[in-house]
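Data first, discussion second: the structure below is written as structure tokens.
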Amino acid sequence: MLVCTKCGRKFEEKFLLRCECGGTLFVKRNYDSFLPDPRFFDIRRYQSYLPVDAGFLPKIPPIITPVVEIDGIRFKLDYLHPTGSFKDRGTFVTIAKLKEEGIDEVVLDSSGNAALSLAFYSMISGIKAHIFLSYDAKPGKISALMNLNAKVHFVEGDRMKVHDSAVEFSKATGIPYVTHWLNPYFIEGTKTIAFEIYEEIGVPEEIFIPTGSGTALLGVWKGFKELMEMGEIDRFPKLIAVQAEGFESLCPRSPRINKLADGIAIPNPPRREDMRRALEETGGYCISVDEDDTLAAHHWLKTRGLLVEETSATALAGYWKAKEEGIATGNSLILLTGVKR
């Protein structure tokens, strides 16, 4: 079932973005034990914990991404997916739900990675995707998107203007809007990050996560929460929301602007209260980073063979900053979320 975080109302598991009261939704199911499917070494390993019929899952699944240690720092390489970002996890489950309900045309706004993911999985699943994108999106992402048969609608303005334009188009045409910002099924896909981390290294002390709309942060939180409810673990990792200066929604807003981290340049995410709850429940916190820190972290990662985008590099920059402030431990994990294009 779907449960509203504001009024507690319950809904059947259909494709729905918000409760009538305006509250956000999460899928709620009760699982007795954690028993991954040993036949698979990709996201289907956890298909028993995904709220979709396995028969509708796309044919190209996101992989199980590795955890590596470099210079004493552990990284989860969650950019090694079909379209180069963790978004493939959420899209994979979303597409299955859309197929279940017979939906064959959708609308999405994105800074790039979510658009690429939806365009790819829509293309191989027979769904027409309308993608709303800023003219300021990175050229590499635009070029990649043009090769995936999506109908691209360019918008003049910032990330929030792109969002507003997509919503207006959806209302005018009646084509379902499938934003990952609100979509509860998207989070069902990203929660598998937590399952993998647990199987790979147990429960780290803390996890540094680039955070804009919160779909990675909330997925990791929900995954570990379900492991707790199953009795598989007895504590949460602290979740650290790393944000870009000038676009903070959880940290105090900085007057400076970090233009490098376009993937998390979302100052007013609709799940802000859900993210605050995740930080509170896990004993985590928010930290924001500037352009210089992001650039330094990106260079460090590149010279060690981790070819991620600048948004991903914010997680390492946040870890460095937390170490300097004496609030990070040695048992940390850095989540790298998107590839450099």
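List of remarks:
- Within the stretch 200-341, percent of DSSP bridges classed antiparallel, to nearest 5: 5 percent
- For the stretch 182-341, the fraction of 1.4 Å probe accessible surface lying on carbon and sulfur atoms is 48 percent.
- Accessible surface comparison of Asp290, Asp71, probe 1.4 Å, protein chains only, largest first: the order is Asp71, Asp290.
- Amide H contacts of Val155: Leu133, Ser134, Tyr135, each under 5 Å away and 5 or more positions distant or on a separate chain (H built 1.01 Å from N in the peptide plane; Pro and chain starts excluded).
- Residue order by solvent-accessible surface for Lys141, Lys14, Lys151, Lys171 is Lys171, Lys151, Lys14, Lys141, largest first, with ligands and nucleic acids left out and a 1.4 Å probe.
- Over the chain, the fraction of Cα-Cα pairs per 20 Å bin, rounded to whole percents and listed from the shortest bin up, is 33, 62, 5.
- The H on the amide N of Val308, modeled in the peptide plane, is under 5 Å from the matching H of Lys340, each at least 5 residues off or on a different chain.
- Gained length - Asp164 relative to Arg272, 0.36 nm times residue gap less alpha-carbon distance: 37.1 nm
- Counting DSSP beta bridges with both ends in the chain, the antiparallel % (nearest 5): 30 percent
- In Å², nearest 10: area of Asp136 left accessible to a 1.4 Å probe: 130 Å²
- Given Lys28/Lys138; Lys76/Lys138; Lys6/Lys141; Lys161/Lys238, the pairs whose alpha carbons are separated by over 30 Å: Lys28/Lys138; Lys6/Lys141; Lys161/Lys238
- Taking only the C-alpha atoms of the stretch 205-267, Rg followed by Dmax gives 13.9, 44 Å.
- A 1.4 Å probe run over the stretch 137-236, with the rest of the protein chains in place, finds 34 Å² accessible per residue.
The values are calculated or read from the model by the stated rules, or taken from the named source; none is laboratory data. Keep in mind the model is a prediction, meaning the values are calculated, not measured. Just the protein is used for accessible areas: all its heavy atoms, side chains included, with ligands, DNA and RNA removed. Shrake-Rupley method; radii C 1.70, N 1.55, O 1.52, S 1.80 Å.
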